[in-house]
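The values are calculated or read from the model by the stated rules, or taken from the named source; none is laboratory data. Quantities reported herein were computed from a predicted structural model and do not represent experimental measurements. Glycine also receives a Cβ, built like all others from the backbone with ideal geometry; neighbour counts cover every protein chain displayed. What goes into the accessible areas is simple: the full protein's heavy atoms, side chains included, and nothing from ligands, DNA or RNA. Shrake-Rupley method; radii C 1.70, N 1.55, O 1.52, S 1.80 Å.
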Amino acid sequence: HRGAKLQQLEPAPNPAYLEADVDAARKLRKEWQHEAQAAKLGDSDPLALKVKEPLQWLAEKDRADREEAAYQAAVKELEQALDHPAATKADFEPLYYKIEQFHRGVPPLLQDRLTQRIEELDFHAHRQRVKKWMIGITSALLLLIAVGAAVFFALRSAELSGHVANLGGLIRDEQLDTAEEYAADLEANHPRVHGHPEIQSLVRELE
């Protein structure tokens, strides 16, 4: 009975194979495999050999369909990553190469989206680098100005202290003529120092 059933099924896969009717061929293959297993049909059996080519064609079609599904899934992953506003180049790279493994390339529209997104990310990264660079330069300049100002005022303070000590020493030593000349020189050549309250106090004392 099983052999008769196989004899009846054997011609069926061939028209489906020749017409490339995949759905019909898969249904017939399922039924054929069930009957062949029940009949313990060997691979070298004449009936098995007759359907070998259609079954190989169908197996190749199965493989191609699995590859197509995997390719479309990889494309979908990249599309979803591009839809995510926080995605980075590091997120896109493995997804891109996953598609490239199929040797079919990235769909043109998706490639355009990816190129544009990478250009935007590169531009943003460049602006961030420039911004950090400018902040660094500004901070360095402000530090230099602060240090310069500190040095300047320290020197001014030391200069003032020196003049106060010199003029005060002349007055204490009662070298009044020399003290008057010293004060006159300050007034002529260092008016800011001469106008300082400490120097003015000594000038009044000298007078």
Review point. Want the number for Glu205 to Ala86: 0.36 nm per residue separation, take away the alpha-carbon distance, what's left?
Key: 35.3 nm
Check your understanding: Per the 1.4 Å probe, what fraction of the accessible area of the chain, in percent, lies on carbon and sulfur atoms?
Key -> 56
Revision key, fill the gap. Taking only Cα atoms of region 33-78, the Rg to Rh ratio with Kirkwood Rh works out at 1.26
Review point. What is the spin-label model distance, in nm, from Leu160 to Lys61 if the labels are put 7 Å beyond Cα along the C-beta direction?
Key: 9.9
**Study point:** Largest-first principal axis extents, alpha carbons of region 63-207, Å
**Key:** 114, 20, 20
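Stretched out fully, how many nm does the piece from Glu93 to Asp112 gain, at 0.36 nm a residue minus the Cα gap?
Working: separation 19, 0.36 × 19 = 6.84 nm, distance 1.49 nm.
So the extension gain works out to 5.3 nm.
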Study note, to complete from the structure: For His196, other-chain or 5+-apart residues with amide H closer than 5 Å (H placed, Pro excluded) are none
Point to revise | Residue-averaged [θ]222 nm for the chain, counting only DSSP H segments that reach four residues, each worth -39500 (n - 2.57) | key: -28000 deg cm²/dmol
**Study point:** Peptide ranges 178-188, 87-97, 123-133 listed from the most packed, as the mean C-beta count within 10 angstrom indicates
**Key:** 178-188, 87-97, 123-133
Check your understanding: To the nearest 0.05, what FRET efficiency results for Phe123 and Glu79 with a Förster distance of 25 Å applied to their C-beta separation?
Key -> 0.70
Exercise for review: Output the relative contact order of the chain, whole-number percent, from Cα pairs under 8 angstrom with separation of 6+ residues.
Suggested key: 11
Revision key, fill the gap. Rounded to whole Å², per residue accessible area for the chain with a 1.4 Å probe reads 70
Revision key, fill the gap. Between Met134 and Arg192, the FRET efficiency computed from the C-beta separation at R0 = 25 Å comes out, to the nearest 0.05, as 0.10
